[in-house]
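Enquirer: Pasting a structure here, questions to come.
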Amino acid sequence: MKKNYIGIREARINLSKLIRDVRDGMEIVITDRGTPVAKLVPAQGQSLSLEERIKNYESCGLIESCPQTEQFDSSPIELPREFAQQYIKEERNDE
C-alpha cells in the first residue's frame, strides 16, 4: 500500500481529495510539525451486526452494558449525543 505524508493544515484543506485517494488504496499519514500523528486507511468492507456494534460502543465507553434482569424495563433511556452521532456515521458508511 502506497503511503503519503501530509501536514494537518494541508489535510484539512484537501480532505475530500484525500478520502478519494484512500478509497483508491492509498494510506495517508497525517503529521503535526513533521511527526506522524494519525493515519487515513481504507475501511474494511464488511458491515457489523448490531451485536458487534454494541460491543464496540461498550469497549469505547460510549455505552455501558447492563446486567441481565428477569424483568424488562420499558421506560425511555437517554443516550449520549456521541452515541447517536457515531451510529448515524456508521449507518451512512454502510450504504
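The values are calculated or read from the model by the stated rules, or taken from the named source; none is laboratory data. Fair warning: this is a prediction, and the values are worked out from it, not measured in the lab. Cβ: placed from backbone, ideal geometry, glycine included. Neighbour counts: every protein chain shown.
Enquirer: Starting from residues that are surrounded by 11 or more Cβ atoms within 10 Å (Cβ to Cβ) and more than 17 Å from Asn93 (Cα to Cα), keep the ones in region 18-34 and report whichever is modelled with the lowest pLDDT.
Expert: The qualifying residue modelled with the lowest pLDDT is Met26.
Enquirer: In addition: Of all residues being in contact with a strand residue (DSSP E or B) (Cβ under 8 Å, 6 or more places away or on another chain) and not small (Gly, Ala, Ser) in region 1-17, which is modelled with the lowest pLDDT? Just the residue, please.
Expert: Looking at residues that are in contact with a strand residue (DSSP E or B) (Cβ under 8 Å, 6 or more places away or on another chain) and not small (Gly, Ala, Ser), I get Met1.
Enquirer: Of Gln44, Gln71, Gln86, which residue is at pLDDT below 85 and touching a Phe, Trp or Tyr at 6+ places or on another chain (Cβ under 9 Å)?
Expert: Gln86
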